[in-house]
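The values are calculated or read from the model by the stated rules, or taken from the named source; none is laboratory data. Quick caveat, the model's predicted, so the values are computed rather than measured. Backbone-built Cβ (ideal geometry, glycine too); neighbour counts: all protein chains shown. Just the protein is used for accessible areas: all its heavy atoms, side chains included, with ligands, DNA and RNA removed. Shrake-Rupley method; radii C 1.70, N 1.55, O 1.52, S 1.80 Å.
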Amino acid sequence: MNKVGFFRSIQLKFIIIYILLLIIAVQVIGSFFTDRLNDELTRNFKTSASERVEMLSHNLEQAFARDRSEESGTIESLEEEITRIINDINRGNASTTINVVDNQSRVRGTNVLDDQNQIGQKLNNSMVRDALLFNSTDDGTFYDDETDSRVYVYVKPILGDDDMAVGAVFYKSSLEEVYGQIEDINNIFLQGSILAITISAIIGILVARTITKPIMEMREQAIIMANGDFTQKVNVYGRDEIGQLAETFNDLNSRLKHSYATIEEERRKLSSILANMSDGVIATDNDGSVTLMNDAAAKLIGENPEDLIGDSVIDVLHLEENEIDLSELHNNGSMIIDFSNEDTPFLIRANFTTVVDEEEEITGFITVISDVTEQQKMEQERRDFVSNVSHELRTPLTTMKSYLEALSDGAWENKEIAPRFLDVTQTETNRMIRMVNDLLQLSKMDSDELPMHKQREEFTSYLYQVLDRYEMNIPESIHMEKIIPNTKAYVWMDRDKITQVMDNVITNAIKYSPDGGKIRVKLDIRRHYLLISVQDQGMGIAYDKLDKIFERFYRVDKARNRKLGGTGLGLAITKELVEAHHGQIWAQSSEGKGTTILFTLPLMSSKRGDVR
């Protein structure tokens, strides 16, 4: 955040407001003071002029009424007496003009020395004329063009004994001195106002600083808090409103620090949970755009999570072909999405939930995805297993039912047919018994309930014993070749279980070997394990079916296998038994060239033998 300049700061606004208020106050006071001063000075000036004229009028009335005949002995003429009276009253006031006229408007006296030639001339003035005619006193302020100044004029009649005007006094005085005084006072007031405003501005800066300094500190602290630092506090300078605001701000800082720590702890927990979840989590907004994706989801989808932020979850999960509306996504609950390719099956289960606010409005979606390829495979195997068991049991049961019904219908009386029917029934019964026994054995192995009685065995002599037993029962048309080194090799095994493994492998080799064929049994003693292989010259197995022969009920040639009496579980049991001995088993084959079954057993170390 940029620093606020002085000319845009609240401090300057405080100063401007403070000065404006002061200027308005000074202007109001100045206007009121100047107006009252003007009125007072003007009134005093007019009162002084009125008093002079009154005194002058009184003296002039006596002068006009005085008898000036020779018998009276009056030596001074009217003009001389008027001039003397005027000079006595208006002594030293050069800005005032006083003219005394008789009832004919002729000037009989004046105080202006330069205008003595006006004596005897008529004074044409409307105010004088009204005073002589109506005995009225009048005054007024006028502008004098000759002196280019404002003047005050006062006219008063001079009354005789019969209260008739015998003359009039024309008084004219300049007001410029009064207005000059007002202007001087205004200048002094202006200078004082400027000085007061200057001092007030300085004081306003200091006052505004005391107000804005805590606010600026709180602003800087707010910026620091916005960056996640809650360790600092603002200073409290007083107990006023700003001080209380600072205390509240510090309290807010403490609460935010606690809340931020709590949120950060929850965020770390959530991040740790999301990072360590085996299931993938995808969070989206209400428009379906991806906002968060954990590593597990990215690995399942096979994309960089940062590259998918902002993409639609419909596109990310490849749901375009399903024509799913985003608004109905949460209604789908759970669905299986096929990410398989030509070589590898890959199925993902997606569970959709919504995120709602306090008003029950949808604000986003949470999608949890998991790899269910193995689960679906196991489910399919379970369904196939149930189907295969049902199918395998149905065939002998159907056969037995048919023969038993025939016997019930009277075939038991036929001495040639009855024994054959009973023999078939017994054969199918034995086959079902073997199948059930094999299933029970597989079930125990799956639940780790099959007991193992392992002990130290010398495998070379053991293998000779197993093969010698088969040489006595093997068909004459099939030859068995033994490749066994004359070396002792000790293994930790359950003799009965390994015998079952050898029986299953060798029996299969005998079953699928043609007449004149050869079975090769070979033992290789490696550094840490034994490698036993049994090879036949039968019909062989296609390459893409080699891994399936160890699955339950899988048969390469189902018709021939049933004819030979197999249950389809022998190699599955063989694999479980070998792996229970920590060995491995696999097959090698080519169609038409026979099949080789190979398995390994770990050798016992000499140290283990000593312990034994």
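Mind telling me which of the residues ILE549, ILE532 ends up being under 16 Å from LEU577 (Cα atoms), in contact (Cβ under 8 Å) with a residue 60 or more places away in the chain, of a type in the set (Val, Ile, Thr) and touching a strand residue (DSSP E or B) at 6+ places or on another chain (Cβ under 7 Å)? Full working, then the answer.
Values: ILE549 fails: in contact (Cβ under 8 Å) with a residue 60 or more places away in the chain.
Unique residue meeting the criteria: ILE532.
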Give me the residue from segment 572-584 that is modelled with pLDDT of 85 or more and open to solvent by less than 40 Å² (accessible area, probe 1.4 Å) and, out of that set, nearest to ASN504 (Cα to Cα). THR574
Mind checking whether some residue in segment 366-381 is among the acidic types (Asp, Glu), modelled with pLDDT under 80 and under 30 Å from THR429 (Cβ atoms)? yes
Could you identify the single residue in LYS497, LYS518, LYS488 that is open to solvent by 20 Å² or more (accessible area, probe 1.4 Å), without any contact (Cβ under 8 Å) to a residue 60 or more places away in the chain, closer than 23 Å to GLY583 by Cβ and among the basic types (Lys, Arg)? LYS488
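Within segment 93-101, can one find any residue that is farther than 30 Å from ILE23 by Cβ, surrounded by 12 or more Cβ atoms within 10 Å (Cβ to Cβ) and among the small types (Gly, Ala, Ser)?
Going residue by residue through segment 93-101, those that are farther than 30 Å from ILE23 by Cβ are 93-101.
Going one step further and asking which of them are surrounded by 12 or more Cβ atoms within 10 Å (Cβ to Cβ), we end up with 93, 95-101.
Imposing the further condition that a residue be among the small types (Gly, Ala, Ser) reduces the set to 95.
Taking every residue of segment 93-101 in turn, at least one turns out to be farther than 30 Å from ILE23 by Cβ, surrounded by 12 or more Cβ atoms within 10 Å (Cβ to Cβ) and among the small types (Gly, Ala, Ser).
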Contact list, first residue from segment 234-263 and without any contact (Cβ under 8 Å) to a residue 12 or more places away in the chain, second anywhere and open to solvent by less than 90 Å² (accessible area, probe 1.4 Å) and assigned to a loop (DSSP other than H, G, I, E, B), beta-carbon distance below 6 Å, six or more apart or interchain, is GLU247/VAL236
Helices (runs of 4 or more DSSP H) lying entirely in segment 244-349 (those with 2 or more residues that are open to solvent by 80 Å² or more (accessible area, probe 1.4 Å) and either at positive phi or at pLDDT 85 or above (or both)): none
In this structure, does ILE85 turn out to be assigned to a helix (DSSP H, G or I), open to solvent by less than 30 Å² (accessible area, probe 1.4 Å) and among the β-branched types (Val, Ile, Thr)? yes
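So, in segment 462-481, of the ones that are under 25 Å from HIS582 (Cα atoms) and of a type outside the set (A, V, I, L, M, F, W, C), which residue ends up nearest to the chain's Cα centre (by Cα)? Don't jump to the end; show me each part of the working.
From segment 462-481, those under 25 Å from HIS582 (Cα atoms) are 462-467; that's our starting set.
Narrowing further to those that are of a type outside the set (A, V, I, L, M, F, W, C): 462, 464-465.
Details: TYR462: 74, TYR464: 77, GLN465: 77 Å.
Restricting to residues being under 25 Å from HIS582 (Cα atoms) and of a type outside the set (A, V, I, L, M, F, W, C), the top hit is TYR462.
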The one condition in (1) touching a strand residue (DSSP E or B) at 6+ places or on another chain (Cβ under 9 Å); (2) modelled with pLDDT of 85 or more; (3) open to solvent by 70 Å² or more (accessible area, probe 1.4 Å); (4) of a type in the set (D, E, K, R) that GLU80 fails to fulfil: (2)
Can you name the residue in segment 457-499 that is in contact with a Ser or Thr (Cβ under 7 Å, 6 or more places away or on another chain) and outside any loop (DSSP other than H, G, I, E, B) and, of all such residues, is modelled with the highest pLDDT? THR460
Residues that are open to solvent by less than 40 Å² (accessible area, probe 1.4 Å), closer than 30 Å to VAL107 by Cα, assigned to a helix (DSSP H, G or I) and touching a residue at least 12 places away in the same chain (Cβ under 8 Å): does segment 186-196 have at least one? no
